[in-house]
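What follows draws every value from the coordinates through simple rules; no lab data is involved. Owing to the predicted nature of the structure, the values given are computational and were not obtained by experimental measurement. Please note: Cβ atoms are built from the backbone with ideal geometry, for glycine as well, and neighbour counts cover all protein chains shown.
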Amino acid sequence: MSGLLKPVGEIAVVDGRQSETALAVARGTMRLLRSLGRCCVSELPLPSGRRADLVALDGGGEIWIVEIKSSIADFRADQKWPDYRLHCDRLFFATTLDVPLAIFPADAGLIVADGFGAQVVCDAPEHRLAAATRKSMMLRVAQCAALRLQSLIDPHGPYGEIV
């Protein structure tokens, strides 16, 4: 696979910025989302130029974004998350039991996870996407997932940097 992204197991993409804790939270959260009938793409570049930690899509086209925060410092250092609402129907934070849950905003959902599983502690309020935004996001998820699969099958292929 070219570029900075490398496959991690079968479920996540890592670009060197994630801590071991964040990777464990991502893994457990993706397992939860799959059990809820959703498929995930990690580290998805958004139209705004931001990168969502997890984007989950269900069979009806509902889009969730999950922002992973592995510590209080991580939460305080990264305040880009309000922009993610423009690209999803529901916004969640995922964290560990070691992070005080009270620091997270009440107007987003909350998931507590470890490397083996996760639980929704607080559901996220719905803010439905406009049809054009939904289509754009669904195409972005599909293209990203397809290119990542292609690059696993043909790691020396002409894919450039995989998003």
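The alpha carbons of segment 17-94 give a radius of gyration and a Dmax of 12.0, 36 Å, in that order. Report, for the chain, the % of DSSP beta bridges that are antiparallel, rounded to 5. Close to 65 percent. Of all the options THR133, THR95, THR29, the one that moves most in a Gaussian network model of the chain with Cα springs shorter than 10 angstrom is THR133. Which residue, chosen from LEU139, PRO125, LEU91, occupies the Cα position most advanced towards the positive end of the dipole of the chain, where the dipole is computed from +1 (Lys, Arg) and -1 (Asp, Glu) charges on Cβ about the Cα centre? Farthest along the dipole direction, towards plus: LEU139. Taking segment 39-54 and a reference point 7 angstrom along Cα→Cβ of ALA130, the backbone N atoms nearer than 17 Å belong to 47-49. The long axis of helix 131-153 is offset from the longest Cα principal axis of the chain by roughly 60 degrees. Between 0 and 90 degrees, the angle of helix 20-35 with respect to the longest Cα principal axis of the chain falls at about 90 degrees. Over segment 6-153, Cα pairs under 8 Å with separation of 6+ residues give a relative contact order of 23 percent.
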